[in-house]
Amino acid sequence: MTILVEVPEPAVDPAGSGVDQRPAARPGVRLARRIVWKVAGAVAVVIAAASVTFFAQLAVPGDRATILLNIQTGQHQHYTAAQLAPVRKEFGFDNPLVAQWLRYIGGVFHGDLGTSYTQHRPVTQVVGGQLGPSLIITVGALVVAWILAIGITLLTVKRRPVVSALGSLWETFTACLPQYWVGIILLVIFSVDLHWFPVIGGTSVKGTVLPIVTMAIPLAGFLGQVTRDEFEKVLDQPFVTTARTRGQSDTGVRLRHALRHAVLPAITLSGWALGALLSGAVIVENIFGRPGIGQVLVTAVSTRDVPTVSGVVLAVAIVYVIANLLVDLAYALVDPRLGGPA
Amino acid sequence: MTTSTAIEPGPETLDARPALLTVENLRVSFGDAEVVKGISFTARPGGCLAIVGETGSGKSVTARTLVGLTGRGSHVSADRIDLAGVDLRRASGREWRSIRGREVGFVLQDALVSLDQLRRVGDEVAEPLRLHGWGNRRSRAERVVELLDAVGVPEPEVKARQRPYELSGGLRQRALIASAIALDPKLVVADEPTTALDVTVQAQVLDLLAASKERGTSIILISHDLSVVARLADQVAVMRAGEIVEFGSAHQVLHDPKHAYTQALLDAIPSEHTRGTRLAPPADGVSDVPRVRKIDRDRPVLRARNLVKVFQGPDKIDRTVVNDVSFDLFAGETLGIVGESGSGKTTTARIALALTEATSGDVLLHEKPWSSISAAARRTVRKQIGVIYQDPLSSFDPRWPVGRILADSLRTGSRPPSSKTEAQERAVRLLEQVGLTREHLTTAPLRLSGGQRQRVAIARALAPEPGIIVCDEPVSALDVSVQAQVLDLLTDLQDELGVSYLFISHDLGVIHHMSDRILVMKDGRLVEQGDAEAVFAAPAHPYTQRLLTALPRLAQA
């Protein structure tokens, strides 16, 4: 049942308007070029973050060697130059500033962030050992938040007015819940009363559930709000009507057409969300007695262990940069339009 | 009130065939507002019924009701909606889904967004096949290529893998049609299928639908444009405010209309025949006075010399969008620039307004440098040249009432008002000049109709008392009857004030009606220029000839 119609060639230049057109780069090449630029940008951001943390160490009032000795001995006193000299030599404080900076930046790329004042271990060890547990709950929370947000949006957006309002209310309510409140409520209900989960979880699988849920609920509300707004707009678009006129069902329209458009803003926000979760993980780690980067940071700040503080800040910055790279990649996969909407 | 009595199908030979679709006394309301008020019509195999009407006539709602997608909060009632013996009034959601795409194909107006931008064109075209269980993945992919080929998409294998935004408007519209006819439905409903398309592409799309009709498909064509309908329709129903006011064979309705509204619609279409006459009946009873033309061919008010504009795309490739364009605009004259999308006409207008800097070439305003002087120096002479855009709403501050918009513009003129009272008085005078009243001073632009907004835009352009007004597609977004009033207004103002227009439009009818001389642009170049009458009577360039052949005309019906 082939249909053959004599139709003249279209007079329109299919690639757009304009003359003097040479073939544009293939989409694959364009994407590769974009990724190379993004990675180069990410490296630059890490160098900048490392420089800021390095100079912040210098900005702490007082002589670094004196602070170090006082922390180690638990005293508050002044030392003679002779007493300070070995410390200065050990930590490289006697080198020119530029040399110290270059060494620090170089160290960042070799996994050397200096030595902790209090623990006398390399900062990379102190931070690295604790980064894992924190990453597990933050990434876990992001994934759970996405599942919750998309599930609730798909089920409630543009349904009967009551259902839509309930979905919207749930999102607004959860988005403004503070994590410490959610955490304590969950702890009381599921650990203390129901004994489903341990009260002090540590890094066990069972103990990881409640921290993840605690962080996921407010984020799900937030991501859900953004997704719902977009979803509502997309369902009014002509291409959705086109799909329906082809016989597409309501569920089909939502899953096959609208969802892909609606998740774009939430993808953009996810990079930010991951960074915020990681740097805010300390609250949840405290509530559930979990080791993690948050605990390390709090301890380091209270003991004025500047290299460790810098290490944590830098680690968060690196995770943030990587997360944003992944976000860009995910965005390009979902929305192949060049550059995407601004 | 039912108008179905007026709708006796004409003495057509098609009557021999049984009706495919019969609609009787269809009523659609949203809340308390009834938007379709008891209309009846039939569609026959191999025939085309056109439903014509202006904004708000209920034609699109009628179209959507035929596929059960009237919309949220709508109430539909009818004595009969039968499609090939099936009573659609009782169709369940599941039955509707099996009808849509298979029994009834639906073509929307292309606005780039009628296809899912994130999916491949091939997947979009294949969707009805997949949903109705046609073949497997591989056979569907082959069928998509066949379909795209059949609707005249070049390189169908390549285009199927591309995404809608990589295709031109004409190709997207073809893909939409391919998707609508994929399962060879008995009925195709096309809602404004050619609006927003260039005239040559429009002609191709109409030919495509005509070919489908030849094969026995029944077509219901929804359009605001009577001349488009003339090319395809066998029968025409004219809708106004939810009622069919006239129904008959295409020839009868377009050439011997019985209803005054149809007559007014036909009179409002600008064309070669309407030159020098009014398009809309005069509101104040003034008879048709002949135009007073005062063109001074010795006094060019705007001269463009060898304009070139090169844009660099995001891919670092230069595109010459305006290529060696020169023209003179004389005092009291209308110079029309016509061309299809991407021809460079809007860029030329922006260079003339000194809003875009030309890569080379220059513009003289009243024989003095204009484009080449500094922005600060231009500010003092800016008042001599005004502009009217297609969409005035986006050029108004939405929080400002009309009075403030006009007062703001008066201040930039050569005679700024000395007091608030004077500003208000002059604003009222401007409003009266464009056919509005004092009441509109306090109205927000959002509350005005499309025609009223364009009148405010004209009043604002007139406020600084310019000698030249650049009109960039000033009537393209308006209904034909409103377009007629706005075009009449522009002509009256020219007679009264002796202002010169640089008039840009893609619509050859509008250009022919308005222009003293015309420039034809294609791919950034001037391919033809001359007196409007001469160019339209004997186009020299093949492109102009092609444009004129593609132009839908009522005479073809």
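The values are calculated or read from the model by the stated rules, or taken from the named source; none is laboratory data. Every value quoted in this text rests on a predicted model; they were computed, and no experiment measured them. A quick note on method: Cβ atoms are made from the backbone with ideal geometry, for glycine too, and the neighbour counts reach across all protein chains shown. Ligands, DNA and RNA are stripped out before the accessible areas are found, and what is left, the full protein with its side chains, is counted by its heavy atoms. Shrake-Rupley method; radii C 1.70, N 1.55, O 1.52, S 1.80 Å.
For every residue, the table says whether it meets (1) free of Cβ contacts under 8 Å to residues at least 24 places away in the same chain; (2) of a type in the set (Lys, Arg); (3) over 13 Å from A:Thr245 (Cβ atoms); (4) more than 9 Å from chain A (Cβ to nearest Cβ).
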position	(1), (2), (3), (4)
B:Ala141	yes, no, yes, yes
B:Leu167	no, no, yes, no
B:Ile177	no, no, no, yes
B:Ile181	no, no, no, no
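With (1) of a type outside the set (Phe, Trp, Tyr); (2) under 19 Å from B:Thr194 (Cα atoms); (3) modelled with pLDDT under 90; (4) in a loop (DSSP other than H, G, I, E, B) as the list, and B:Arg72 as the residue in question, which single condition is left unmet?
In the conditions (1) of a type outside the set (Phe, Trp, Tyr); (2) under 19 Å from B:Thr194 (Cα atoms); (3) modelled with pLDDT under 90; (4) in a loop (DSSP other than H, G, I, E, B), B:Arg72 misses (2) alone.
Report yes if some residue within region B:119-132 is modelled with pLDDT of 90 or more and closer than 24 Å to B:Ile51 by Cβ; otherwise report no. Lay out the reasoning, then the answer.
If we filter region B:119-132 for residues that are modelled with pLDDT of 90 or more, which is where we start, we get B:119-132.
Right, trim to closer than 24 Å to B:Ile51 by Cβ and you get B:128.
The answer is yes; a qualifying residue exists.
Among the residues of region B:58-68, which ones are within 14 Å of chain A (Cβ to nearest Cβ) and in a helix (DSSP H, G or I)?
Residues of region B:58-68 that are within 14 Å of chain A (Cβ to nearest Cβ), as a first pass: B:60-61, B:63-68.
If the condition is that a residue be within 14 Å of chain A (Cβ to nearest Cβ) and in a helix (DSSP H, G or I), then B:Ser60, B:Val61, B:Ala63, B:Arg64, B:Thr65 are the ones that fit.
List the residue pairs whose Cβ atoms are under 8 Å apart, where the first residue sits in region B:143-157 and is more than 18 Å from B:Ser212 (Cβ to Cβ) and more than 8 Å from every other protein chain (Cβ to nearest Cβ), the second is surrounded by fewer than 22 Cβ atoms within 10 Å (Cβ to Cβ) and hydrophobic (A, V, I, L, M, F, W, C), and the two are 6 or more positions apart or on different chains.
Going by the 8 Å Cβ cut-off, the qualifying pairs are B:Glu157/B:Val145.
Just to be sure, is B:Pro474 touching a residue at least 60 places away in the same chain (Cβ under 8 Å) and surrounded by 24 or more Cβ atoms within 10 Å (Cβ to Cβ)? Spell out the reasoning first.
Working: touching a residue at least 60 places away in the same chain (Cβ under 8 Å): yes; surrounded by 24 or more Cβ atoms within 10 Å (Cβ to Cβ): yes.
Taking the combined requirement at face value, the residue satisfies it.
Please enumerate the residues belonging to region B:510-524 that are surrounded by fewer than 24 Cβ atoms within 10 Å (Cβ to Cβ) and closer than 9 Å to B:Val535 by Cβ.
Of everything in region B:510-524, just one residue is surrounded by fewer than 24 Cβ atoms within 10 Å (Cβ to Cβ) and closer than 9 Å to B:Val535 by Cβ, namely B:Arg517.
Could you tell me whether B:Ser40 is in a loop (DSSP other than H, G, I, E, B), open to solvent by less than 30 Å² (accessible area, probe 1.4 Å) and under 25 Å from B:Pro257 (Cβ atoms)? If you could, list the steps in order and put the result at the bottom.
Details: in a loop (DSSP other than H, G, I, E, B): no; open to solvent by less than 30 Å² (accessible area, probe 1.4 Å): yes; under 25 Å from B:Pro257 (Cβ atoms): yes.
It is false that B:Ser40 is in a loop (DSSP other than H, G, I, E, B), open to solvent by less than 30 Å² (accessible area, probe 1.4 Å) and under 25 Å from B:Pro257 (Cβ atoms).
Name the residue, out of B:Thr421, B:Thr437, B:Thr442, that is out of contact with any helix residue (DSSP H, G or I) (no Cβ under 7 Å at 6 or more places or on another chain) and among the β-branched types (Val, Ile, Thr).
Numbers: B:Thr437 fails: out of contact with any helix residue (DSSP H, G or I) (no Cβ under 7 Å at 6 or more places or on another chain); B:Thr442 fails: out of contact with any helix residue (DSSP H, G or I) (no Cβ under 7 Å at 6 or more places or on another chain).
Step by step, each of B:Thr421, B:Thr437, B:Thr442 is checked, and only B:Thr421 is out of contact with any helix residue (DSSP H, G or I) (no Cβ under 7 Å at 6 or more places or on another chain) and among the β-branched types (Val, Ile, Thr).
Is at least one residue of region A:315-322 part of a helix (DSSP H, G or I), free of Cβ contacts under 8 Å to residues at least 12 places away in the same chain and open to solvent by 30 Å² or more (accessible area, probe 1.4 Å)?
Within region A:315-322, not a single residue is part of a helix (DSSP H, G or I), free of Cβ contacts under 8 Å to residues at least 12 places away in the same chain and open to solvent by 30 Å² or more (accessible area, probe 1.4 Å).
Assuming A:Trp146 fulfils every condition listed in (1) more than 30 Å from A:Ile67 (Cβ to Cβ); (2) loosely packed, with under 13 Cβ neighbours inside 10 Å apart from one, which condition is it?
(2)
In region B:349-393, how many are within 25 Å of the chain's Cα centre (by Cα) and open to solvent by less than 60 Å² (accessible area, probe 1.4 Å)? It would help to see each step written out before you state the result.
Quick first cut of region B:349-393, residues within 25 Å of the chain's Cα centre (by Cα) only: B:349-353, B:386-393.
Still in the list and also open to solvent by less than 60 Å² (accessible area, probe 1.4 Å): B:349, B:351-353, B:386-388, B:392-393.
Within region B:349-393, residues that are within 25 Å of the chain's Cα centre (by Cα) and open to solvent by less than 60 Å² (accessible area, probe 1.4 Å) number 9.
Given the conditions (1) of a type in the set (S, T, N, Q); (2) under 23 Å from the mean Cα position of the chain (by Cα); (3) within 12 Å of chain A (Cβ to nearest Cβ); (4) not in a helix (DSSP H, G or I), report the number of the one that B:Thr55 does not fulfil.
(3)
Looking at region A:21-31, is at least one residue within 11 Å of another protein chain (Cβ to nearest Cβ), open to solvent by less than 60 Å² (accessible area, probe 1.4 Å) and modelled with pLDDT under 70?
Yes: region A:21-31 contains one or more residues that are within 11 Å of another protein chain (Cβ to nearest Cβ), open to solvent by less than 60 Å² (accessible area, probe 1.4 Å) and modelled with pLDDT under 70.
Anything in region A:292-311 that is over 19 Å from the mean Cα position of the chain (by Cα) and in a loop (DSSP other than H, G, I, E, B)? List them, or say none.
A:Thr303, A:Arg304, A:Asp305
Just one of A:Gly294, A:Gly280, A:Gly311 is surrounded by fewer than 21 Cβ atoms within 10 Å (Cβ to Cβ) and either more than 14 Å from chain B (Cβ to nearest Cβ) or under 22 Å from A:Ala48 (Cβ atoms) (or both); which is it?
Working: A:Gly294 fails: surrounded by fewer than 21 Cβ atoms within 10 Å (Cβ to Cβ); A:Gly311 fails: surrounded by fewer than 21 Cβ atoms within 10 Å (Cβ to Cβ).
The match here is A:Gly280.
Can you name the condition, by its number, that B:Ala111 falls short on among (1) loosely packed, with under 14 Cβ neighbours inside 10 Å; (2) more than 15 Å from B:Ser29 (Cα to Cα); (3) modelled with pLDDT under 90; (4) at the interface with chain A (Cβ under 9 Å from one of its Cβ atoms)?
Only one criterion in (1) loosely packed, with under 14 Cβ neighbours inside 10 Å; (2) more than 15 Å from B:Ser29 (Cα to Cα); (3) modelled with pLDDT under 90; (4) at the interface with chain A (Cβ under 9 Å from one of its Cβ atoms) is unmet by B:Ala111, namely (1).
Going by the conditions given, is B:Ser326 more than 14 Å from chain A (Cβ to nearest Cβ), surrounded by fewer than 19 Cβ atoms within 10 Å (Cβ to Cβ), under 18 Å from B:Ile504 (Cα atoms) and at pLDDT 70 or above? Break it down into steps so the answer makes sense when it comes.
Details: more than 14 Å from chain A (Cβ to nearest Cβ): yes; surrounded by fewer than 19 Cβ atoms within 10 Å (Cβ to Cβ): yes; under 18 Å from B:Ile504 (Cα atoms): yes; at pLDDT 70 or above: yes.
Considered against the rule, which asks whether it is more than 14 Å from chain A (Cβ to nearest Cβ), surrounded by fewer than 19 Cβ atoms within 10 Å (Cβ to Cβ), under 18 Å from B:Ile504 (Cα atoms) and at pLDDT 70 or above, B:Ser326 comes out as yes.
Here are some residues: B:Leu129, B:Leu88, B:Leu108. Which one is in contact with a Lys or Arg (Cβ under 6 Å, 6 or more places away or on another chain) and of a type in the set (A, V, I, L, M)? If you could, list the steps in order and put the result at the bottom.
Working: B:Leu88 fails: in contact with a Lys or Arg (Cβ under 6 Å, 6 or more places away or on another chain); B:Leu108 fails: in contact with a Lys or Arg (Cβ under 6 Å, 6 or more places away or on another chain).
Just one listed residue meets the conditions, B:Leu129.
Could you tell me whether A:Phe288 is crowded, with 24+ Cβ neighbours inside 10 Å, free of Cβ contacts under 8 Å to residues at least 24 places away in the same chain and either closer than 30 Å to B:Ser98 by Cα or assigned by TED's automatic domain parsing to the domain that holds A:Val213 (or both)? Quick ask: steps written out before the conclusion?
Numbers: crowded, with 24+ Cβ neighbours inside 10 Å: yes; free of Cβ contacts under 8 Å to residues at least 24 places away in the same chain: no; either closer than 30 Å to B:Ser98 by Cα or assigned by TED's automatic domain parsing to the domain that holds A:Val213 (or both): yes.
Answer is no for this residue.
Scan region A:128-142 for residues that are open to solvent by 40 Å² or more (accessible area, probe 1.4 Å) and touching a Pro at 6+ places or on another chain (Cβ under 7 Å) and jot them down.
Residue satisfying the conditions is A:Gln130 alone.
Restricting attention to region B:72-84, does a residue exist that is within 9 Å of another protein chain (Cβ to nearest Cβ) and on the phi < 0 side of the Ramachandran plot?
Within region B:72-84, one or more residues are within 9 Å of another protein chain (Cβ to nearest Cβ) and on the phi < 0 side of the Ramachandran plot.
So the check is Cβ under 7 Å with 6+ separation or different chains; which pairs have a first residue in region B:350-375 that's on the phi < 0 side of the Ramachandran plot and among the hydrophobic types (A, V, I, L, M, F, W, C) and a second one that's open to solvent by 20 Å² or more (accessible area, probe 1.4 Å) and assigned to a loop (DSSP other than H, G, I, E, B)?
B:Ile351/B:Ala358; B:Ile351/B:Ser371; B:Ala358/B:Ser371; B:Val363/B:Ser371
State which residue is nearest to the chain's Cα centre (by Cα) when the search covers only region A:115-127 and only residues that are buried (at least 21 other Cβ atoms within 10 Å of the Cβ) and not hydroxyl-bearing (Ser, Thr, Tyr).
A:Val127
Search region B:125-139 for residues being facing chain A (nearest Cβ under 8 Å) and open to solvent by less than 10 Å² (accessible area, probe 1.4 Å), and hand back the single one that is farthest from B:Pro164 (Cα to Cα). Give the steps one after another, and end with the answer.
Kept after step one, since they are facing chain A (nearest Cβ under 8 Å), are these residues of region B:125-139: B:127-128, B:131-132.
When the remaining residues are screened for being open to solvent by less than 10 Å² (accessible area, probe 1.4 Å), the result is B:127-128.
Working: B:Glu127: 14, B:Pro128: 17 Å.
So the residue we want is B:Pro128.
Go through (1) within 25 Å of the chain's Cα centre (by Cα); (2) farther than 24 Å from B:Ser414 by Cβ; (3) surrounded by fewer than 21 Cβ atoms within 10 Å (Cβ to Cβ); (4) not hydrophobic (A, V, I, L, M, F, W, C) one by one and return the number of the condition B:Lys345 breaks.
(3)
Could you please tell me which pairs satisfy a Cβ distance under 9 Å, a separation of 6+ or placement on different chains, a first residue in region A:79-99 that is closer than 19 Å to A:Val306 by Cα, and a second residue that is open to solvent by 80 Å² or more (accessible area, probe 1.4 Å) and of a type in the set (Lys, Arg)?
The qualifying pairs are A:Gly92/A:Arg103; A:Asn95/A:Arg103.
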